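The values are calculated or read from the model by the stated rules, or taken from the named source; none is laboratory data. In this text, all values refer to a predicted model and were calculated from it rather than measured experimentally. In this analysis, Cβ positions are derived from the backbone assuming ideal geometry, glycine residues included, and neighbour counts consider all displayed protein chains. Keep in mind that these areas ignore ligands, DNA and RNA; they rest on the heavy atoms of the full protein, side chains included. Shrake-Rupley method; radii C 1.70, N 1.55, O 1.52, S 1.80 Å.
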Amino acid sequence: MIEIIVFAPLLAAIVAGLGNRGLGNTVAKVVTTGALFLSCALSWPIFLGFLGGTAEPGVVPVLHWVQSGSLSFDWSLRVDTLTAIMLVVITSVSALVHLYSWGYMDEDPDQPRFFAYLSLFTFAMLMLVTANNLVQMFFGWEGVGLASYLLIGFWFRKPTANAAAIKAFVVNRVGDLGFMLGIFGLFLVFGTVSIPEILVAAPTAAGSSITFLGMRLSTLDILCFLLFIGAMGKSAQLGLHVWLPDAMEGPTPVSALIHAATMVTAGVFMVCRLSPLFELAPVASTIVTIIGAATCLFAATVGTTQWDIKRVIAYSTCSQLGYMFFAAGVGAYGAAMFHLFTHAFFKALLFLGAGSVIHAMHHEQDMRYYGNLRKEIPITFWAMMAGTLAITGVGILDVFGFAGFYSKDAILEAAYASGSEAGRTAFWLGAFAALLTSFYSWRLMFLTFWGRPRWALSEHIQHAVHHGHDDPDEANPPRQENSDMGEPHHVPSPDKGDGTAGYHPHESPWVMLIPLLILSVGAVFAGFVFHHQFIDSAAFWNGSIAYDEHLIHAMHDVPLWVKLTATIVMLVGLFIAWLGYLRDTSIPGKFADQLGPIYRFVYNKWYFDELYRLIFIRPAFWFGRQFWHAVDVGFIDRFGPNGVAELVDKGAYAAKRLQSGYLYSYALIMLLGLVAATSWFMVR
Amino acid sequence: MELTSSLGLIAPEILLSVAGLFLLLVAAWAGDRASSAISIAACVVLGAAFFLVAPSVCAGAAGLETVAFGGQFRADAFAGFAKLMIYAAAGAALVVAPAFFTRYAAMRAEYPVLVLFGTLGMSIMVSATDLLTLYIGLEMQSLAAYVLAAFLRPDQRSAEAGLKYFVLGALASGILLFGASLLYGFTGTTQFELMRVAMAGPISTGTLFGIVFVLAGLAFKISAVPFHMWTPDVYEGAPTPVTQFFATAPKVAAIALTARVALDAFGTHADAWRQVVIFAALASIVVGALGAIGQTNIKRLLAYSSINNVGFILIGLAAATPQGASAMLVYLVIYVAMSVGSFVAVLMLRDEDGAPVERLADLAGLSRTKPALAFCLAAMMFSLAGIPPLFGFWGKFVVFQAAVQADLVALAAIGIAASVIGAFYYIKVVKVMYFDEAVNVVRDRSDWAHWALLIISTALMSPLGYLLTGPLSVLADRAAASLFFLV
């Protein structure tokens, strides 16, 4: 069964990818979407089996892969609680995104390619989560990276999309290097790449030390730190986060699937999968906590200032991943996985909802040109509302809450309850980030769905109004990147008084709305239904992650104010957003003016891109040019290919000259050859 | 008794000479009208000779029972192996000829007869174990070849080719004879067996000179650098079927003869002549490759290609081991098939008026006008360049392997490096055919014989050829063993 779940998407990707246009859009869509719904339908029973406690973890062998000396591993599919959670998350979101793309990509000329990539991604992600050894996990890890690259750059005629794709790939390579070094190190220390064997052997290595880069370090700390670098790259943690916002250049369904619900959580998954190892590495865990908390706060601050609807959600993703990591860092792996689970639903929902808004607004992504859309696209509005209630964590203690209420509360409680200094710091940073989360989420809602229509200022809308609504030229949304600019670049046009420019947004087709509705159900109920199992049940986890009974008890015994913190800051954030974006819309402008430097610092994403350009990219290009001019052209080409070719050319000319056609010169050469041979023997 | 067994051993040669004389009479009697009948008869004779030789090759005949006429002639498996190639190549030269000569109204009855006599000479060459037998065979082959080169008498280039070949051939013969007389003077014998015994111990300068002169004379025949100068001119000037003949049968004969002289007569002093052979091998590879690059005529290009290939074959000789000799034979089989295929392809190229096309530039766009022909020729070129999985790679591989196992690693390495240069011009031909815009309309006026030969040689050079590696190696190993079988 698990084989079908994993390999059906691969088969579909091969069929759709190789068939491509020969197959036609409909066949490609039906094959890939059908395969994903099949995988999804088979995944839920597995998950429910683990939920009910009836299923047993197991490993299904597929093929023997490598046997070289003491290095030996198989292709095999591991199924346990952790995998089962990921299976339902991946296959459900992927299936819904496939369906949603029927509507969203309807006008795109390259649909088979798109769907093939999506299915390929799903396959790679499934390989990652079912891996029983680190090499197979790395295969999936690289596979999702490849698919992400291909999908970010899907509109390859758009230079910004290509640049974003390359950026994502390169930044991920940095992380991958860490991951690889981690795998090498684990093999070095334990002599195996099998995850269960490593986890069993791990306690024996506790307390040992290893020399790395000339320093004497605790073995497990350094190994876990290297693995965490890999996780940082994939999960866009502070420092290696720069690719995620740019990845929004890809089509919105891709953002929902890869850059919100699944791939970016691979890092969290990996840390949880190896949690017994991390449990033995206190220093590495502290680093995880701190980086997670810092990312959580950093991304939330940036999210408050962005205008592009997708970027706001992208930074929100980055921030939520920070929550997951610091939960894992303090040892609450169950809470981390729970947040991953709920986040997948509400974040996919928010992205797909944003996609629906963008679709309705004729590919306008700037929230400054939205407003008052709740009456125009009510279903999308209510879906987005569910997502926002979930992400901001609305709920009443012990009664009912939306998905994020349970998972985020659990994380904050765990951070507080851990008692460590890093944990307490993470608690406060997380609480403040929760305030910001609430603020930017409601800001997004208010700007988009309330207020007066400001559509007339958008050139996309202008274009749509003047050129007819379904202009075929608009098949691709070749949107310019504008978030680097402080001011809108749109050409103002005479407002017709109501700010609509005569434009009528249209609700998306049902293929797009149905996934929204299904995900809304998840966003509303996922927390309420599952929180007991995920947080409180060691039996549910069944040994697939490190489960700390102690911490769980401590979590339940935290003071009441800690439990209420998340709700309080949520209300504060909501209030500020209401104040600034509904009641008196001049406040944000004044605020930005008065705190100019801070505003610009945050608006420009803490200048990470500029800093990296200065210290990495420019020197790298400089080195590249030097090597190109001096070494490649000046030395290798000159004395290598070009030099040899020139020599051959001259030789050929000489040979031709020698072949004069005169008999006597031929005879002379023969005799000279003879004389040379005899003299050689004479003098020898 | 001795005479009867000797006559039995030279049965193929007797058959060839009797048939040659008889067909000559027929030609004199019936004139050119009978030329096609004589061609067919000559082919049948060659086929008969082929089957007379085949058993000894399969059996790996060696030792005393192969010696005829008191040590002047030996019909062992090595000679037999070479003879099979020679007969097959001569047959191919007969088969392709009529279509070519008919255009010039020059299909003369003498052509098949001359080929037969040439073949007889070669047959004697490869079996010669005495300097006199050697010389008779060599001259018999050469005289037939001089006439064949000038066969298109009205064509200036053909006449020039014949004359050049004759003059330089005479010079080479002179050198060879001088060397032979030196050897006779210093060893007191002309028989290879006795010569090897006489040479044992420290070598005298006179003997050394004799060896060098004899080898130089033979190097002319195999067109090894620096005795190669005639090759491009003669190959270009001679009628294409004759060129094909020159590139195949006499090469096999001369190389087999050289191998026998070097390994048998001079076998005790391999260290002395090895240096000369190594130099000739490397020089041939490099000059062959460099010379070919500048060529615009396909036949000249193939002439340099043959020089280049001879270099690789000499690497096998330089090894001076049974394995090296076996590798030479394997390489020769592949080389003959490739050469026949390439020249047949060239023969099939005609322009609008039916005149032969020889310029490289005229091949432009052949892949579109004549895709099958272009494909076969491309296969030949890739095979000549030694690119796997084509069979040409195998020949180079076994030769280099033999060199490495004889501790001539540097020689093998340089040979491999130089073969890269060779790949350039072979692939250039493919480039011209497949990527250049067509300028002339090339048509082929070929008959079934051309296509049959081309398809056979293409099939041999295709990866299918590797199916033959087993039996081919077994036969070549046996043949090489018989060469090293001391009587």
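The table below gives the values:
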read-out	value
Lys pairs, chain A - Cα-Cα below 20 angstrom, 8 or more residues apart or on other chains	13
Environment charge at A:Tyr315 (Cβ cut-off 11 Å; Lys +1, Arg +1, Asp -1, Glu -1)	+2
Cubic angstrom per residue, convex hull over Cα atoms of segment A:277-352	68
Within-14-Å neighbourhood charge of B:Ala37 [Cβ basis; K, R +1; D, E -1]	0
Principal axis box of segment B:115-165, alpha-carbon based, largest edge first, Å	39, 19, 10
Volume in Å³ per residue [convex hull over Cα atoms, computed for chain A]	231
In the A-B interface, the accessible area buried, summed over both sides, Å² (probe 1.4 Å)	2300
Solvent-accessible area, 1.4 Å probe, carbon plus sulfur percent, for segment A:233-392	69
Sequence-separation-based contact order of segment B:259-324, relative, with Cα cut under 8 Å and 6+ spacing, percent	37
Candidate aspartates and glutamates for bridging to B:Lys164, where Cα separation is under 14 Å - those fewer than 8 sequence places away on the same chain excluded	B:Asp233, B:Glu236
Distance from segment A:633-676 to segment A:290-317 (C-alpha centre basis), Å	69
For chain B, the spread of Cα positions along each principal axis, largest first, Å	65, 57, 41
Separation of alpha-carbon centers, segment A:222-278 and segment A:502-527, rounded to whole Å	26
Integer Hz, Karplus 6.51/-1.76/1.60 couplings in order for segment A:406-423, x for Gly and Pro	6, 6, 5, 4, 4, 5, 5, 5, 5, 4, 5, 5, 4, x, 6, 5, 4, x
Residue-by-residue Karplus 3J(HN,Hα) for segment B:142-157, coefficients 6.51, -1.76, 1.60, Hz, glycine and proline x	5, 4, 4, 5, 4, 5, 4, 4, 9, 5, 8, 3, x, 7, 4, 5
Shape call, the protein assembly as shown: gyration tensor on alpha carbons, a/c limit 1.5	prolate
Residues along segment A:664-679 losing 40 Å² or more of accessible surface when the other protein chains are present rather than the chain by itself (probe 1.4 Å)	A:Tyr666, A:Ile669, A:Met670, A:Leu674, A:Thr678
Accessible solvent surface per residue of the protein assembly as shown, calculated while the other protein chains remain in place, 1.4 angstrom probe, Å²	37
For chain B, calculated [θ]222 nm from helices alone, where every DSSP H run of n ≥ 4 adds -39500 (n - 2.57)	-25500 deg cm²/dmol
Calculated [θ] (222 nm, deg cm²/dmol) that DSSP helices of n ≥ 4 give over chain A, each run adding -39,500 (n - 2.57)	-22000 deg cm²/dmol
Under-5 Å amide H pairs with A:Arg78, H placed in peptide plane, nonlocal only	A:Val60, A:Ala131, A:Asn132
J(HN,Hα) series, segment A:574-580, from Karplus relation 6.51 cos²θ - 1.76 cosθ + 1.60, nearest Hz, glycine and proline x	4, 5, 4, 4, 5, 5, x
Residues along segment B:228-245 losing 40 Å² or more of accessible surface when the other protein chains are present rather than the chain by itself (probe 1.4 Å)	B:Met229
Amide H contacts of B:Asn297 (H built 1.01 Å from N, under 5 Å, at least 5 apart or other chain)	B:Leu360
Rounded, prolate or oblate (a/c below 1.5 giving rounded, otherwise prolate when a/b exceeds b/c) for segment A:42-176 by Cα gyration tensor	oblate
With every protein chain in place, chain B: carbon and sulfur % of accessible area (1.4 Å)	72
Other-chain or far-sequence residues with amide H under 5 Å of B:Phe73's (modelled H)	B:Ala68, B:Thr129
Globularity index of segment A:565-627, i.e. its alpha-carbon radius of gyration over 2.2 N^0.38 Å	1.84
